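Any read-out appearing in this document is the output of simple, stated calculations on the displayed coordinates, not a laboratory observation. Everything numeric here is computed off the predicted structure, so don't read it as measured data. Neighbour counts are summed over all protein chains in view; Cβ atoms, including those assigned to glycine, are modelled from backbone coordinates with ideal geometry.
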Amino acid sequence: MENPYQTPSAPLAVRAKRDRNDHSLDDVAYGQKKVIYAILLYFAAAFGAKLIGLLVLFALLGCIVLSWTGIYQITRGLGYAIWLRLLLLTLMLVPLLGLLALVMLSSRATARLRDAGYDVGLMGARNY
């Protein structure tokens with residue numbers, strides 16, 4: 001007779017094996033981290049606009065630089081066409097549309113990294 005208190009032995013889902021030699025995943029992971037930092041800096045600059053004043057312009061400039069490099073890396077890693085890369089880079093100059101483009105790219109990068117077997121948390125890929 002089997003032990004009724006034994007834990008069930010169901011086959012667990014096998015995680016995809018990570019390919020450390022895939023340079024497109026490197027671009028996606030590092031670009032996603034830059035995009036996440038740009039989103040956080042964007043909100044910090046929007047919050048600090050009333051408190052700090054003119055120094056917020058430097059934060060917004062840093063946000064644009066981080067987001068442009070992150071967008072370029074993610075779109076290169078995901079294989080987007082050049083015209084779409086340029087469109088997303090110019091969308092960063094429009095405040096709300098740029099933020100929505102960053103969130104959309106971050107979610108697509110998260111999906112691509114999870115499909116490749118990486119653990120992705122709030123701040124991007126872990127242990128990368």
Practice problem: Give me the number: length gained by fully extending residue 85 to residue 126, i.e. 0.36 nm times residue separation minus the C-alpha to C-alpha distance, one decimal in nm. | Solution: 12.2 nm
Quiz item: What length, rounded to one decimal in nm, is gained on full extension from residue 57 through to residue 97, with 0.36 nm per residue of separation minus their alpha-carbon distance?
Solution: 12.5 nm
Quiz item: Nearest 20 debye, what's the magnitude of the dipole of the chain about its Cα centre given +1 on Lys and Arg Cβ and -1 on Asp and Glu Cβ?
Solution: 200
Self-check item: Cα-projected label distance for residue 46 with residue 7, points at 7 Å along beta-carbon direction, nm
Solution: 4.3
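How big is the convex hull of the Cα atoms of region 24-117, per residue, in Å³?
With only Cα atoms used, region 24-117 gives 78 Å³ per residue.
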Self-check item: Sorted peptide list for 55-61, 40-46, 69-75, 107-113, criterion being average Cβ within 10 angstrom, highest first
Solution: 69-75, 107-113, 40-46, 55-61
